Amino acid sequence: MTRPAAPRRIAASWLRALPKAELHLHLEGTVSPETLVELSQRHDDEGLTLTEARSLYHYTDFTGFLLAFKAVSERLRTPEDYELITFRMLERLAAQGVVHAEAYVSVGVVYYWRRIEFESLFHGMEAARVRAEQQFGITLYWIFDAVRHFGPEEAARVFRKAAELRPAFPSILGIGIGGDERRAGAEPFRELFQEAQDAGLRLTAHAGETMGPESIWAALNIGAERIGHGLSAQLDADLMEVLAERQIPLEICITSNLRTGCCPTLEEHPVRRYFDAGLMVTLNSDDPAMFESDLQDEYRLAHDSFGFTGEHLRELAANSIEASFLPATRKVALLHQIEQVK
Ligand code: HPA
Ligand code: ZN
């Protein structure tokens with residue numbers, strides 16, 4: 001079977017038509033300032049202005065980014081809020097040709113900062129997931145994310161909630177650790193990762209975003225199946241070899257790394273080197289509303305700035321499907337669709 005060649009000059013319509021999965025995306029990081037204003041009008045006596053809302057998204061480094069993420073998350077209050085933001089996230093993804101997403105939700109932030117029960121909020125998220133799937137055909141799995149610098153006890157509450165809800169909500173597929181690696185390594189989460197895996201949950205970890213390769217080794221050592229960011233893998237040839245050999249998926253987020261300052265310049269980003277070294281690279285948007293980009297922009301950036309050809313982009317889209325936690329039958333069907341895009 002011959003497959004159509006990708007165009008040399010990449011049209012937006014071709015990028016859109018390419019079936020893609022988004023594997024590193026934070027629900028709270030998809031909330032636009034406009035939506036925050038709308039939510040504030042629901043809840044506050046004196047609603048946020050758009051200028052005030054926009055000012056919450058300002059940061060100059062990674063620590064500032066985490067604070068901005070927290071400030072936005074704190075303004076999400078009711079199940080209806082979570083329903084609205086989930087639906088808008090999926091609507092925007094579908095418009096970019098994303099056929100499947102695996103989204104992090106910062107359950108750790110809800111528990112630690114808001115001290116409220118997460119389950120009713122989750123019902124709102126699920127309602128939107130079901131409605132968006134019916135309307136756009138897009139599927140979504142949830143990954144319950146703990147904040148690593150809140151410590152293992154807080155993470156236990158997050159992971160156990162995922163395990164408790166999973167039988168009734170099979171869309172809860174995995175768990176992860178986000179937050180600040182500089183303040184907490186992966187090792188203290190080893191037993192909790194094992195417990196989550198025993199409960200049938202898939203394991204992910206942000207690692208090598210602000211810390212060196214030792215942080216990625218630690219994430220692998222406690223069983224992480226996918227690595228979020230993995231920027232510092234480039235500093236360790238042995239690690240690069242292991243990542244290539246085991247085809248551990250890397251959830252690469254180029255724009256995020258530039259905006260948080262984790263990667264100082266575009267030229268220094270290792271995405272192309274990783275790809276050429278045979279690593280399992282996927283492209284992702286992380287927190288699109290906070291970085292003013294989306295997944296289609298990430299594919300465009302890979303083409304324009306790193307010389308990824310149409311065929312390379314097709315391969316990256318296929319990687320996103322292969323690295324997903326979808327069942328094999330759906331993976332095969334989507335991979336076939338990717339081959340067919342003219
Ligand atoms: N890293 C760590 N914590 C986060 C991120 C991230 O990319 N996005 C949202 N919380
Ligand atoms: Zn992230």
Heavy-atom accessible area with a 1.4 angstrom probe orders 60, 139, 265, 86, most exposed first, as 60, 265, 139, 86
Any idea what the relative contact order of the chain is, in percent, if you count C-alpha pairs under 8 Å spaced at least 6 apart? 21 percent
About the Cα centre of the chain, how large is the charge dipole given +1 on each Lys and Arg Cβ and -1 on each Asp and Glu Cβ? Please answer in debye to the nearest 20. 880 debye
Accessible surface of residue 198 in the full protein assembly, 1.4 angstrom probe, to the nearest 10 Å²? 120 Å²
Accessible-area value, residue 70, 1.4 Å probe, nucleic acids and ligands omitted, Å²: 50 Å²
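On a 1.4 Å probe surface of the protein chains, which of 58, 229 comes out largest in accessible area, and what is the full order?
Numbers: 58 135, 229 0 Å².
Of 58, 229, the descending order of accessible area is 58, 229.
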Quick check: the distance between the Cα centres of the range 14-75 and the range 122-191, to the nearest angstrom? 19 Å
Once all protein chains are kept in place, residue 276 shows an accessible area at probe 1.4 Å, nearest 10 Å², of 100 Å²
Kindly sort 149, 206 by accessible area of their heavy atoms, largest first, with the probe set to 1.4 Å. 149, 206
Residues residue 120 and residue 160, FRET efficiency given R0 of 25 Å [Cβ-Cβ distance, rounded to 0.05]: 0.90
How large are Rg and Dmax for the range 86-162 when calculated on the C-alpha trace, in angstrom? 13.8, 39
Per 5 Å bin from zero, what fraction in whole % of the C-alpha pairs of the range 68-202 is there, up to the bin with the longest pair? 2, 10, 20, 22, 20, 14, 8, 2, 0
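Give the longest segment of the chain that steers clear of GluC sites (Glu not before Pro) in DSSP loops with at most 15 neighbouring Cβ atoms within 10 Å, not counting the sites themselves.
Numbers: sites that count: 46, 74, 117, 292.
Maximal segment without exposed cleavage sites: 118-291.
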Just to be sure I understand the model, the point goes 7 Å from the Cα along the line to the Cβ. What's the resulting residue 292 to residue 339 distance in nm? 4.2 nm
For residue 20, which aspartates and glutamates qualify as cross-link partners when the Cα separation must be under 13 Å and same-chain residues fewer than eight apart are set aside? 102, 294, 297, 298, 315, 322, 339
Per 20 Å bin, what is the whole-percent P(r) computed from every C-alpha pair distance within the range 16-340? 34, 61, 5
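The values are calculated or read from the model by the stated rules, or taken from the named source; none is laboratory data. The structure displayed is predicted, hence computed values, not measured ones. Neighbour counts are summed over all protein chains in view; Cβ atoms, including those assigned to glycine, are modelled from backbone coordinates with ideal geometry. Side chains are part of the model used for accessible areas, which takes the heavy atoms of the whole protein and leaves out ligands, DNA and RNA. Shrake-Rupley method; radii C 1.70, N 1.55, O 1.52, S 1.80 Å.
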